Amino acid sequence: MLTETQLDAYRENGFVVVENVFDQTTLQRLRGVVGEFIANAAGITDHTEVYDLEPSHTADQPRVRRIKTPHKWHPIFWEMAKSPKLTSILRALLGPDVRLHGSKLNMKLPHCGAAVEWHQDWAFYPHTNDDILAVGVMMDDIDEDNGPLLVIPGTHRVHKVWDHHQDGRFCGAMDPVATPDIDYSKAVTCTGKAGSCSFHHVRLVHGSAQNESDKPRGLLLYECAAADAWPLSRFTTLEEYDSRMICGESTIEPRTERVPVRMPFPPALAQGSIYENQTVLRNRFFEARTAAT
């Protein structure tokens, strides 16, 4: 599925977009499952282990901004993670043995989809090595207007974890005022037709603006790691760990590399998803930019 040009682009820029990873039949099934999840959010009044809700959510008019760990709740998400096309790309980028670190489904509803401030995934879950990436499965056509993923090319090659703390506590975001060494004007969008997938390195700086269009933007995210990349915190059990193998073989011999690490402690005051973690952030890039225009 990947050409040498695409592999080189991933290594140099820290991301690549691949078209037609999933066909329309699979996408229709996925949308049907997600529609059932949203319908089941009726009557819910607060975040749960399954749902992260938009501030405008009501029990009568459900507005879901994230389905948490969807691979735990419906078999279609494992089926897609293990699909031949996707696993061939993961093997090319991470090697023959790949484990699922986590999953989530972010849904930006028209005119209200929340922004995600600049961050590195690596700040949330450092490992013994950084052969880790996130896959973004585009459920809908994603263009410049409906809140696409924004990435800053090459930031994964900077041997650094930027500060994701505020007032001494983890907050899941980078303060744009306190990071003058990053040129945010160089950000590029990851756009594509439904069924396309973006792949971005775990240390690549990225975020996304609000959905200002009348079109939805669903993005199913798989966080994938080489099997010999072991987490430095929040390990569960070996049985659970091995159950998340996407392809290849598990190992109890971590590969350790000289990688920068900044632990996400003390934990965020606002617990829950990244949306909740970031609520305390004083200096916001995307809200400030929206207000200025």
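The values are calculated or read from the model by the stated rules, or taken from the named source; none is laboratory data. Note that the coordinates shown come from a computational prediction; the quantities given were computed from them, not determined experimentally. Note that each Cβ is placed from the backbone with ideal geometry, even for glycine, and that neighbours are counted across all protein chains shown.
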Practice item. Pull up segment 12-52, narrow it to residues that are in a loop (DSSP other than H, G, I, E, B) and hydroxyl-bearing (Ser, Thr, Tyr), then point me to the one that is nearest to residue 222 (Cα to Cα). Key: 48
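Is it true that residue 7 is part of a loop (DSSP other than H, G, I, E, B), closer than 21 Å to residue 134 by Cβ and touching a residue at least 24 places away in the same chain (Cβ under 8 Å)?
Numbers: part of a loop (DSSP other than H, G, I, E, B): no; closer than 21 Å to residue 134 by Cβ: yes; touching a residue at least 24 places away in the same chain (Cβ under 8 Å): yes.
It is false that residue 7 is part of a loop (DSSP other than H, G, I, E, B), closer than 21 Å to residue 134 by Cβ and touching a residue at least 24 places away in the same chain (Cβ under 8 Å).
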Practice item. Would you check which residues across segment 40-80 are touching a helix residue (DSSP H, G or I) at 6+ places or on another chain (Cβ under 8 Å) and surrounded by fewer than 18 Cβ atoms within 10 Å (Cβ to Cβ) and list them? Key: 50, 73, 74, 76, 78
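Of everything in segment 18-68, what is small (Gly, Ala, Ser) and under 23 Å from residue 102 (Cα atoms)? Give them in sequence order.
Answer for segment 18-68, where residues must be small (Gly, Ala, Ser) and under 23 Å from residue 102 (Cα atoms): 32, 35, 41.
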**Study point:** Qualifying position, being more than 22 Å from residue 154 (Cβ to Cβ) and aromatic (Phe, Trp, Tyr), among 285, 235
**Key:** 235
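Is it the case that segment 242-252 has a residue that's closer than 18 Å to residue 106 by Cβ, in contact with a helix residue (DSSP H, G or I) (Cβ under 9 Å, 6 or more places away or on another chain) and crowded, with 19+ Cβ neighbours inside 10 Å? Spell out how you get there, then give the answer.
In the first step, residues of segment 242-252 are kept if they are closer than 18 Å to residue 106 by Cβ; the result is none.
No, that holds for no residue.
Can you tell me how many residues in segment 47-84 are among the acidic types (Asp, Glu) and under 17 Å from the mean Cα position of the chain (by Cα)?
Residues flagged as among the acidic types (Asp, Glu) and under 17 Å from the mean Cα position of the chain (by Cα) within segment 47-84 amount to 1.
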Review point. Which pairs have Cβ atoms under 8 Å, sit 6 or more apart or on different chains, and link a residue in segment 208-223 that is under 24 Å from residue 98 (Cβ atoms) to one that is acidic (Asp, Glu) and at pLDDT 95 or above?
Key: 218/140; 223/121
Check your understanding: Which of the residues spanning segment 207-226 are within 24 Å of residue 161 (Cβ to Cβ) and in contact with a Phe, Trp or Tyr (Cβ under 7 Å, 6 or more places away or on another chain)?
Key -> 207, 209
Exercise for review: Would you confirm whether any residue within segment 233-240 is of a type outside the set (Lys, Arg) and surrounded by 12 or more Cβ atoms within 10 Å (Cβ to Cβ)?
Suggested key: no
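Evaluate segment 214-226: report whether one residue or more is closer than 30 Å to residue 186 by Cα and out of contact with any Leu (no Cβ under 9 Å at 6 or more places or on another chain). Give the derivation first.
Here is the first cut: in segment 214-226, the ones closer than 30 Å to residue 186 by Cα are 214-226.
Next, from what is left, pick out any that are out of contact with any Leu (no Cβ under 9 Å at 6 or more places or on another chain): 214-215.
Checking segment 214-226: at least one residue is closer than 30 Å to residue 186 by Cα and out of contact with any Leu (no Cβ under 9 Å at 6 or more places or on another chain).
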**Study point:** Condition broken by residue 140, with the remaining ones in (1) of a type outside the set (Ser, Thr, Tyr); (2) over 17 Å from the mean Cα position of the chain (by Cα); (3) buried (at least 16 other Cβ atoms within 10 Å of the Cβ) satisfied
**Key:** (2)
Check your understanding: Can you name the number of the only condition in (1) within 30 Å of residue 7 (Cα to Cα); (2) of a type outside the set (S, T, N, Q); (3) surrounded by fewer than 21 Cβ atoms within 10 Å (Cβ to Cβ) that residue 204 fails?
Key -> (3)
Practice item. Determine whether residue 273 is buried (at least 16 other Cβ atoms within 10 Å of the Cβ), among the small types (Gly, Ala, Ser) and over 30 Å from residue 82 (Cα atoms). Key: no
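Answer with yes or no whether residue 41 is over 30 Å from residue 255 (Cα atoms) and in contact with a Pro (Cβ under 7 Å, 6 or more places away or on another chain).
Values: over 30 Å from residue 255 (Cα atoms): yes; in contact with a Pro (Cβ under 7 Å, 6 or more places away or on another chain): yes.
So residue 41 fits the description; yes.
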